[in-house]
Amino acid sequence: MKRWLSLLAVFCLVLSFIPGQVFAETETKPINEKLGVPIVVYGANLSESEKEAVREVLRVDDEAEVDEITVSGEDLVKYISNSNPNARMYSSAKITQEEEGKGLTVSIVTPENITEVTSEMYANAMLTAGLKDATIEVAAPKPVTGHSALVGIYKAYEAKTGETLDVERTDVANDELQVATELADNANITDEQVAQLLTEIKKQIAEIDPQTKEEVEQIVKDQLSKLNIELSDADRQMLVDLMDRIRQLDIDFSQWKDQLSSLSNMIEEKLTFLQDEGFWEKVKNFFNKLIDLVSSWFTSKEETN
């Protein structure tokens, strides 16, 4: 993933030097009179300059109208038990409601500043919390882990839909995000593999409807084997405990199946994309040729002068 971000950064830099390259101005989006305007939620500890930077990357000015709110440590306490009301909040997000059945689409528009949480981890946790049918963009103006973005998203989602999220579900969703980042850090597996593991286990819970912790433990064991992932005893137990809590939540698992299947397909496509070494070789060759071309322009200009 870091390799992809580096290539993307180079690509953008090279494009900025291409003579005659013109980017058309983005037209202001019309107001959706049925679903309402997007909501932008800012971390309460952003400075004015940081807030303006977030507004820019979230393309707030491209919207005809938006509602803007702030999320603070007091909101953290509302949605997540045993949390710190004095926590500093920087992660921000834009939430746009979508038509029923559209599902969740999550993107991180400042991946260099969200250091631990991936878009798939966010999507998984949001499903657990009860969110649906929304496009969500996450941003931060400085490096942060990204965990607090969930709280802002919860607050904005409630304001947007008029629904009240189940606090037990938002609390478990936070733990899920914590487990995901810990596995990515400690278990020698990629972020994408962690997201795939969590999604596949939840799909099996939705399909089988286990009634005991022992049945959940068997599901975890089966999926670890299927995906060829090795975990320590401690990490395996942490995963079983989390999934058993999810099993006990007041969730209509029949409605989960399609959403989890869509998320699973997206993760599978991303894993296939990232593991295609032939593709990466083509990308590298493309950038090498592009950089050589740009260098030749400057060389020709110097010789002319």
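The values are calculated or read from the model by the stated rules, or taken from the named source; none is laboratory data. The model shown is predicted, which means the values in this text are computed figures rather than measured ones. All Cβ positions, glycine included, derive from the backbone under ideal geometry; neighbour counts span all protein chains shown.
Among all positions in the stretch 242-257, there is no residue which is surrounded by fewer than 18 Cβ atoms within 10 Å (Cβ to Cβ), farther than 30 Å from residue 167 by Cβ and at pLDDT below 90.
Taking the numbered list (1) crowded, with 16+ Cβ neighbours inside 10 Å; (2) part of a loop (DSSP other than H, G, I, E, B) in turn, residue 81 passes all entries but (1).
Which is over 26 Å from residue 222 (Cβ atoms), crowded, with 23+ Cβ neighbours inside 10 Å and touching a residue at least 40 places away in the same chain (Cβ under 8 Å), of 151, 167, 144? Quick ask: steps written out before the conclusion?
Working: 167 fails: crowded, with 23+ Cβ neighbours inside 10 Å; 144 fails: crowded, with 23+ Cβ neighbours inside 10 Å.
Sole residue among the options that is over 26 Å from residue 222 (Cβ atoms), crowded, with 23+ Cβ neighbours inside 10 Å and touching a residue at least 40 places away in the same chain (Cβ under 8 Å): 151.
Scanning the stretch 191-245 for residues being more than 18 Å from residue 128 (Cα to Cα) and small (Gly, Ala, Ser) gives a total of 3.
Considering each residue of the stretch 152-178, count those that are under 15 Å from the mean Cα position of the chain (by Cα) and under 24 Å from residue 244 (Cβ atoms), and give that number. Working first, answer last.
Initial filter on the stretch 152-178 (under 15 Å from the mean Cα position of the chain (by Cα)): 152-154, 173-174, 176-178.
Retained after the next criterion (residues that are under 24 Å from residue 244 (Cβ atoms)): 154, 173-174, 176-178.
Of the residues in that region, 6 qualify.
Listed by first and then second residue, the pairs linking a residue in the stretch 187-215 that is in contact (Cβ under 8 Å) with a residue 24 or more places away in the chain and closer than 16 Å to residue 244 by Cβ to a residue that is assigned to a helix (DSSP H, G or I) and among the aromatic types (Phe, Trp, Tyr), with Cβ atoms under 7 Å apart and 6 or more places separating them unless they lie on different chains, are 205/253; 206/253; 206/256; 209/253.
Which one is surrounded by the most Cβ atoms within 10 Å (Cβ to Cβ) among residues in the stretch 48-71 that are part of a loop (DSSP other than H, G, I, E, B) and over 20 Å from the mean Cα position of the chain (by Cα)? Give the steps one after another, and end with the answer.
Initially, the stretch 48-71 is screened for residues part of a loop (DSSP other than H, G, I, E, B), giving 58-59, 64-66.
After this cut, where a residue has to be over 20 Å from the mean Cα position of the chain (by Cα) as well, the list is 64-66.
Details: 64: 11, 65: 10, 66: 18.
Ranking the candidates gives 66 first.
Per the listing 121, 89, the residue uniquely over 21 Å from residue 50 (Cβ atoms) and of a type outside the set (Phe, Trp, Tyr) is 121.
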